[in-house]
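A.B. asks: Okay, here's the structure, questions in a sec.
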């Protein structure tokens, strides 16, 4: 086993363990701020793994877009909403067995499927490293702007729509004008306008 | 040499972790959203691994689009959370039961 | 000549329709006077043309059978609208247009102060159109169209005064009872269509003997086959029973008297009710082939002739007396049909058309004079106030009672003798007795009415007395017009119509060889005068005389005997007043029963079981199920997620553990892995 | 390339409807009314070349248009008419014009939307009758439900939501099964063209399943007993226009479906189950007529009488097997089928007119109860005369259209079976009973209700609406050949198809 291979394995296992640990932290943290930060950690180590898989562009995009923009957004929102953390802790232990059971079951199934006897080195040898002239960005860009140009455009539109809708959803409605509502005026009932008050008569002053 | 199955198993672990997160989390909606992100990460991991091992760039194209959609989803999801908080003064999942039949 | 007849027939049929349309749709624009002028003029045109056609067919032996237009065509079958003009048709057209013309004129006076004046004329013209359509038909379809058309106008006219409860009830009843007859009629037509493949008279008549010979049968009830011709004739005769008010479908006719009197004269005495008789005569080539059908016709006719006449004994309404008399006379005509004396039946139909219309119109004149009072108990002694009405009514009564030499004698006596001579037909003995007794009954009730109305004490109030006077000329002119044929027509027409060979009916009436009773009678006929003298030796004549005398005794001479009789024979009196219970039976059992049954169907079967239990019940079941399942919807996000994941686990687990050829396994084997 | 007549008939009203809807506000109600009237009149005018250029000598589809719609699944936008569907299209356009005029005064709220609903429905209806592609047919069939559902749900009377839901559930339940049948046929023929379905051979079991699927869809629409209970509710609650369309057009779609789908596609199943259809038709004719006698609500009474009358149409359709079994001659069965079809059209005119009339009365008096009314003739003579005509058409009096269909069906039924004819002929009595009983109570007699004293006779628009219908009733009654000649070729073709042995 050559040195680079050992390094590669070390990097892989270290990053993988870190991803799993930070994943556990995401779901186990009571404080969402910490959870978000753990998620950031998971993203960063995932990016490392992706670079290992020679998809540099996506790895960087994950850092820039996810860590830089999306997770920041998360943190903004978490901090903006003034939540009290204490009552949220309850029942965690109560649901732990069922949660573990389910996730372990799913995990078992999945590992059964993707076990090394199906996807191991004997079946899929690691492909050769790309040459130094290889540019992942160029390669990806090439297919994106030719073969997948329509989905790409659609994705752009989708982002635009998402932006517009996010703004319109979160924008507080300010009632600037006082409008009449004729329907309401017509439908008005007696009870809405008149209140009969039983005023006690004054005592006679003798 | 790292086998393809290693990446896939890592994806599976991440995926079942996020499932556990869904089930265990009785707290706030934001954590749920983060679990979704984690789940997508697991999926992306599989895509990229396959792309690499099968030497097919399409897997990465898929991840690219998933990232796009995930970003959009997060933006809208958070906007809804904000709106929810503004209207209900809470984002506690246990108190959000207006869908109750 | 055929072309002329065709043109004339078109004029005859369409002129009244034009009148009806003008008076009906443009009545407001035309005004009252113009409306009646237009309709009367058009009616006169029709009458004139009918006379011409009569000359061309009866005297010059013209004949027409032509198709006007194809009404419809479907596969093997063709429906035509067309004319068949022969002698029978010509006579009927003459009668219809004649009576209709006079009734039009009469109505000018009778309806003078009615608000629905134009409407009335429109209806009467429409009626004439339908009736002419009926008699000129050359096929069953057109016959049925005319048949229903007259039914419709009859319905409209009985209910002419639509605010009067009795009138609208009468019209409703008339329509429904007629519809019962039409039910049989339409089945009969369907049978004709099925077995002959066409509805045209000539083809059907030509094929009928072959069908009778072939012995085709129709299994109405499995195991009891009927000869097809008998079935067809009886089914069609049910229609005739409805329209010609034969027992037991006669119940509508007395009620129809709620309509205006000219209508009673035109529709419910002279023309429409005789349509059934006309039909049987028209279809004589078919009836002749079915002795069973003829027997049924004879027995039903004779029964009606006697028993409906009896009911007239106890009626107080002058129009009802005449109505029951009409029922009785229709029975005579049908009885004539039953013994194949079609000519005698049609002859009586025509004579009856004249004198019964006369009686009705005279009664109408009385009613007009009495300011719409119809109860005979409030009349009496009208002779000196209304002389013309008195004389014409007397003529009508004598004609009806078959006193020679008035018209009724020649027709009615021929019928009774024909029935007596046709002893070979089952039921003819019974029929003969009924008809002879009927002669007494007829004379009695009509003279009872006559004496009560015109003789004896004046039983009306002083107020009425002040303005009782003879009716205006438009009213009495038609009376005179009808009185003339009531006196003379019988004597003149008896020979050429009944006994001559060939008669004025020519080939339009078919009588089978062995059935020709009129030919046997012809041997004894030696001129009208001798025939009149001969009457004193016959039973019917004396029966009629006894009838007149006893009416005189009971009404004028010793009225107290009447009460004695009522007391002694109280059960008969009760039966007669109840009209044999037909009305009550219909009302209670049929009308009420249907309504009850309908309500049961609606409330229990439809609304409760079908709609509430099954249909809304399934809705309720879903709602109940939903209320149970709804509890699963807790509203908590994590529950949904949990179920989702559980589902995923089960799904994946199923494929991995239990499916040997699982989808995943296949996938793993495929080229991608 | 000829002028796309059928497409114009389908899409012009839809476009007109959208334009009408854009008028929007009730303040411009008259604009909406006039636009609707003009569109409806253009629709009717387009029927003139349709009738004039129609060749009665061929059973083939005419005025055919075909455009590929969804290529991947072989769906075509293909339309065409034959002798069976052409009269139905004319009927649709006449009815819409009548509805527009009849609703002129009676609808006062949301006028534009109301008119638009009926115009769009007109287009969809034309589509249903013109479609020669099964999926296109299905799309129109379902699309047409929406406007009528809305018209009941929005402009209906007090219990409208129950009625509209019930109506929708019933019809939708049936048509869902029809879709399954269509898809089954599509899978086995590789084409959505209805004519290709005609050629598919199927085993008896499969034919019976397909028959049942179609049967449920069409029987609900007709409606045949026992799926009829939605009709009285829907009619009672619907506005006048809705009732007219329900009676005049919707019910016809059921029978049209039997003619277009059931008979030619699964002839062996039809031959096997014809007795079942005949029994249901006879139950409708007699039992429903008795129910009609017990009604106290005018609309309900007419609704039940519709069921009874449509029994004749279905009887005519399925009597053909019995007749041919009996006489062995295909030509003998023409009358039965044509009688049923005439009955369909005539029922549309007479019942439609009665619903218009009841709508007029309801608008003026706010009651439909027979017991509350009486003596209307005195105040509304023209109206009463017209109603008398339509009542007589309902009774089936010769000279009106109602007679022709009944007469032909009874006559041909006798060829097949004596007892079927006798039971069917009881309608002669029963229809007179309930119709005239109602007529007597409502129009004759003394004035029972002080409100009736204030009535005035109908206005111009109602006269136009009723006048058109009266003309049609009399035209078909006096000269039915004008209609029958259109049928012959197509009916012959259909009869031949309905007797092909399609067992493999």
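The values are calculated or read from the model by the stated rules, or taken from the named source; none is laboratory data. Here the structure is a predicted model, which is why all the values come from computation and not from measurement. With ideal geometry, Cβ positions are generated from the backbone for all residues, glycine too; neighbour counts draw on all protein chains shown.
A.B. asks: Of the residues that sit in segment B:54-70 and are crowded, with 21+ Cβ neighbours inside 10 Å and at the interface with another protein chain (Cβ under 7 Å from one of its Cβ atoms), which one is nearest to the chain's Cα centre (by Cα)?
C.D. replies: B:63
A.B. asks: In this structure, is residue A:137 under 28 Å from the mean Cα position of the chain (by Cα) and within 8 Å of chain B (Cβ to nearest Cβ)?
C.D. replies: Taking the combined requirement at face value, the residue does not satisfy it.
A.B. asks: Quick one: what pairs do we get from segment C:207-219, first residue within 14 Å of chain D (Cβ to nearest Cβ), second part of a helix (DSSP H, G or I) and surrounded by 15 or more Cβ atoms within 10 Å (Cβ to Cβ), C-beta under 6 Å, 6+ apart or different chains?
C.D. replies: Listed pairs, sorted by first residue: C:216/C:228; C:218/C:228; C:218/C:231.
A.B. asks: Of the residues D:409, D:356, which single one is assigned to a helix (DSSP H, G or I), within 21 Å of the chain's Cα centre (by Cα), surrounded by 24 or more Cβ atoms within 10 Å (Cβ to Cβ) and within 14 Å of another protein chain (Cβ to nearest Cβ)?
C.D. replies: D:409
A.B. asks: If you go through segment C:284-295, how many residues are part of a helix (DSSP H, G or I) and crowded, with 21+ Cβ neighbours inside 10 Å?
C.D. replies: 5
A.B. asks: Do we have residue C:198 as under 30 Å from residue C:64 (Cβ atoms) and either in contact with a strand residue (DSSP E or B) (Cβ under 8 Å, 6 or more places away or on another chain) or not in a helix (DSSP H, G or I) (or both) here?
C.D. replies: yes
A.B. asks: Residues in segment C:517-524: is at least one closer than 16 Å to residue C:87 by Cβ, buried (at least 19 other Cβ atoms within 10 Å of the Cβ) and touching a helix residue (DSSP H, G or I) at 6+ places or on another chain (Cβ under 8 Å)?
C.D. replies: yes
A.B. asks: Looking at (1) without any contact (Cβ under 8 Å) to a residue 60 or more places away in the chain; (2) within 11 Å of another protein chain (Cβ to nearest Cβ); (3) closer than 28 Å to residue C:160 by Cα, find the lone condition where residue D:434 falls short.
C.D. replies: Residue D:434 satisfies every listed condition except (1).
A.B. asks: Is it true that some residue in segment C:51-63 is crowded, with 23+ Cβ neighbours inside 10 Å and modelled with pLDDT under 85?
C.D. replies: yes
A.B. asks: Scanning for something part of a helix (DSSP H, G or I), closer than 30 Å to residue C:338 by Cα and in the same structural domain as residue C:321 (by TED's automatic domain parsing), does segment C:374-381 turn up at least one residue?
C.D. replies: No; the residues of segment C:374-381 include none that is part of a helix (DSSP H, G or I), closer than 30 Å to residue C:338 by Cα and in the same structural domain as residue C:321 (by TED's automatic domain parsing).
A.B. asks: How about segment A:92-104: which of its residues are at pLDDT below 85 and touching a helix residue (DSSP H, G or I) at 6+ places or on another chain (Cβ under 8 Å)?
C.D. replies: Once the filter is applied, which keeps residues that are at pLDDT below 85 and touching a helix residue (DSSP H, G or I) at 6+ places or on another chain (Cβ under 8 Å), segment A:92-104 yields A:92, A:95, A:96, A:98, A:99, A:102.
A.B. asks: Then there's this: Do you know which residues across segment D:384-402 are surrounded by fewer than 24 Cβ atoms within 10 Å (Cβ to Cβ) and in a helix (DSSP H, G or I)?
C.D. replies: D:384, D:385, D:386, D:388, D:389
A.B. asks: Checking the condition outside the structural domain of residue C:8 (by TED's automatic domain parsing), within 28 Å of residue C:33 (Cβ to Cβ) and in contact (Cβ under 8 Å) with a residue 24 or more places away in the chain, which residue from C:103, C:150, C:99, C:124 passes?
C.D. replies: C:150
A.B. asks: (1) more than 10 Å from chain C (Cβ to nearest Cβ); (2) crowded, with 21+ Cβ neighbours inside 10 Å; (3) free of Cβ contacts under 8 Å to residues at least 40 places away in the same chain; (4) under 30 Å from residue C:626 (Cα atoms): which one isn't true of residue B:91, the others all being true?
C.D. replies: (3)
A.B. asks: Sticking with this one: Select, from C:219, C:212, C:227, the only residue that is over 30 Å from residue C:516 (Cα atoms), at pLDDT below 90 and touching a strand residue (DSSP E or B) at 6+ places or on another chain (Cβ under 9 Å).
C.D. replies: Residue meeting the stated conditions: C:219.
A.B. asks: Specify which of the listed residues (D:59, D:55) is modelled with pLDDT under 90 and out of contact with any helix residue (DSSP H, G or I) (no Cβ under 7 Å at 6 or more places or on another chain).
C.D. replies: D:55
A.B. asks: Can I ask one more? How about segment C:220-258: which of its residues are in contact with a helix residue (DSSP H, G or I) (Cβ under 8 Å, 6 or more places away or on another chain), more than 13 Å from chain D (Cβ to nearest Cβ) and in a loop (DSSP other than H, G, I, E, B)?
C.D. replies: Result: C:244, C:245, C:246, C:247, C:248, C:250, C:251.
A.B. asks: Further, regarding this structure: For the condition within 12 Å of chain C (Cβ to nearest Cβ) and either in contact with a helix residue (DSSP H, G or I) (Cβ under 6 Å, 6 or more places away or on another chain) or at pLDDT 90 or above (or both), what is the one hit in B:24, B:17, B:40?
C.D. replies: Result: B:24 is the single residue among B:24, B:17, B:40 that is within 12 Å of chain C (Cβ to nearest Cβ) and either in contact with a helix residue (DSSP H, G or I) (Cβ under 6 Å, 6 or more places away or on another chain) or at pLDDT 90 or above (or both).
A.B. asks: Could we say that residue D:446 is surrounded by fewer than 21 Cβ atoms within 10 Å (Cβ to Cβ), within 12 Å of chain C (Cβ to nearest Cβ) and part of a helix (DSSP H, G or I) here?
C.D. replies: No.
A.B. asks: Of the residues D:476, D:468, only one is under 20 Å from the mean Cα position of the chain (by Cα), part of a helix (DSSP H, G or I) and away from chain C (no Cβ under 14 Å); which?
C.D. replies: It is D:468.
A.B. asks: For segment A:21-38, which residues satisfy the criterion of being assigned to a helix (DSSP H, G or I) and within 9 Å of chain B (Cβ to nearest Cβ)?
C.D. replies: The answer is A:23, A:24, A:26, A:27, A:28, A:32, A:35, A:36, A:38.
A.B. asks: Out of (1) within 14 Å of another protein chain (Cβ to nearest Cβ); (2) more than 20 Å from residue D:404 (Cα to Cα); (3) buried (at least 23 other Cβ atoms within 10 Å of the Cβ), what's the single condition that is false for residue C:187?
C.D. replies: Answer for residue C:187: the failing condition is (2).
A.B. asks: So, in segment C:612-651, exactly how many residues are facing chain B (nearest Cβ under 10 Å), at pLDDT below 85 and closer than 22 Å to residue D:165 by Cα?
C.D. replies: 1
A.B. asks: May I pose another question? Sort through C:487, C:549, C:511, C:545 and tell me the only one that's part of a helix (DSSP H, G or I), surrounded by 14 or more Cβ atoms within 10 Å (Cβ to Cβ) and within 29 Å of the chain's Cα centre (by Cα).
C.D. replies: After applying the criteria, what remains is C:487.
Residue-by-condition table, conditions (1) within 30 Å of residue D:330 (Cα to Cα); (2) in a helix (DSSP H, G or I):
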{"position": "C:35", "(1), (2)": "no, yes"}
{"position": "C:52", "(1), (2)": "no, yes"}
{"position": "C:58", "(1), (2)": "no, yes"}
{"position": "C:66", "(1), (2)": "yes, no"}
{"position": "C:73", "(1), (2)": "yes, no"}
{"position": "C:93", "(1), (2)": "no, yes"}
{"position": "C:112", "(1), (2)": "no, no"}
{"position": "C:115", "(1), (2)": "no, no"}
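A.B. asks: Regarding segment D:97-109, can at least one residue be identified that is outside any helix (DSSP H, G or I), at positive phi and crowded, with 19+ Cβ neighbours inside 10 Å?
C.D. replies: no
A.B. asks: Turning to a different aspect of this structure: Would you be able to say whether some residue in segment A:103-116 is farther than 22 Å from residue C:649 by Cα, more than 7 Å from chain B (Cβ to nearest Cβ) and surrounded by 13 or more Cβ atoms within 10 Å (Cβ to Cβ)?
C.D. replies: No, segment A:103-116 contains no residue that is farther than 22 Å from residue C:649 by Cα, more than 7 Å from chain B (Cβ to nearest Cβ) and surrounded by 13 or more Cβ atoms within 10 Å (Cβ to Cβ).
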